[in-house]
Amino acid sequence: MNATLTGDEARHASGARRLRPGDRVTLFNGHGLTAGAELVAFGERGMTADFRVQDRHQQPVPRPGLHLACALPKGDRLGTLLDMATQLGMTSFTPLLCEHSVVKPAAAAFERWRRICLEACKQSRRAWLPQLLPAADPGTVAREAAGHDASAWIAHPEGQTLDAKFFAAGGDRYFLIGPEGGFTAAEVAAAEAHGARRVALGEGILRIETAALALLAAARLCPR
């Protein structure tokens, strides 16, 4: 069986990776399928790369699912957030729309976000590419979590303390991270109406990306 890479992926293989015919690589489709393959040849100007697939493996869906719903930080901080969150096992990302949000998601940004997540998957050897979902408000995200029998957690200074037993119940988790101005009381109430609970991340007020990564790291260290 053969496989062909085109566009940016082919150029990356011929340029930055400097692959040569006979070199072995691992290919993946972002949906759990990985394949050991041998480079056969590059097309004209390195615009295509042909591989001979030698073995294939379907990786299971990551469990528990870690769904991040997050207000967007300013500047390049979102790129850092998505990169590190993908490495930590983020299953999906929802831009969170809040009353105090400063940055609003633009339709054109999603393709850039996808590239960031894709590069992070390559670096960390993750076979599943995080799903990028449409923007939503806190109440909508909490309702979705409830509909999937998942737990929803709001990063909030008045929440219960995060400790080693925090995720003892297992199951998928939805993490809601507010903007720098914080959630409004109405937003917290809307999420709690669908079963979301507050969790405190220690003393002080964390940046958006710091809070998001703290919760993802804790969930990864305590998977059940």
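The values are calculated or read from the model by the stated rules, or taken from the named source; none is laboratory data. These figures come from a predicted structure and were not determined experimentally. Quick reminder, even Gly has a Cβ in these numbers, built from the backbone with ideal geometry, and neighbours come from all protein chains shown. The area values use the complete protein model at the heavy-atom level, side chains included, leaving out ligands, DNA and RNA. Shrake-Rupley method; radii C 1.70, N 1.55, O 1.52, S 1.80 Å.
Screening residue 74 with (1) under 30 Å from residue 206 (Cα atoms); (2) basic (Lys, Arg); (3) touching a helix residue (DSSP H, G or I) at 6+ places or on another chain (Cβ under 6 Å) gives one miss only, at (3). Only strands (runs of 3 or more DSSP E) whose full extent lies in segment 31-99 are considered here, and the ones with at least 3 residues that are modelled with pLDDT of 90 or more and open to solvent by less than 10 Å² (accessible area, probe 1.4 Å) are 66-70, 92-95. Among the residues here, residue 110 qualifies as in a helix (DSSP H, G or I) and within 14 Å of the chain's Cα centre (by Cα). Residue count for segment 181-205 satisfying the condition of being in a loop (DSSP other than H, G, I, E, B) and surrounded by fewer than 16 Cβ atoms within 10 Å (Cβ to Cβ): 8.
In segment 117-147, how many are in a loop (DSSP other than H, G, I, E, B), under 25 Å from residue 32 (Cβ atoms) and open to solvent by 60 Å² or more (accessible area, probe 1.4 Å)?
Taking segment 117-147 and keeping what is in a loop (DSSP other than H, G, I, E, B), we get 125-127, 129-130, 133-135, 137.
With the extra rule that they be under 25 Å from residue 32 (Cβ atoms), the set shrinks to 125-127, 129-130, 133-134.
Checking which are open to solvent by 60 Å² or more (accessible area, probe 1.4 Å) leaves us with 125, 134.
Final tally of qualifying residues: 2.
For segment 4-30, the candidate set comprises residues that are polar (S, T, N, Q) and touching a Phe, Trp or Tyr at 6+ places or on another chain (Cβ under 9 Å); within that set, the residue that is least open to solvent (accessible area, probe 1.4 Å) is 14. Of all residue pairs spaced 6 or more apart or on separate chains, those with beta-carbon atoms under 8 Å, a first member in segment 138-152 that is acidic (Asp, Glu) and a second member that is surrounded by fewer than 24 Cβ atoms within 10 Å (Cβ to Cβ) are 144/136; 149/171; 149/172. Scanning segment 127-147 for residues that are under 11 Å from the mean Cα position of the chain (by Cα) and more than 14 Å from residue 78 (Cβ to Cβ) returns 128, 129, 131, 133.
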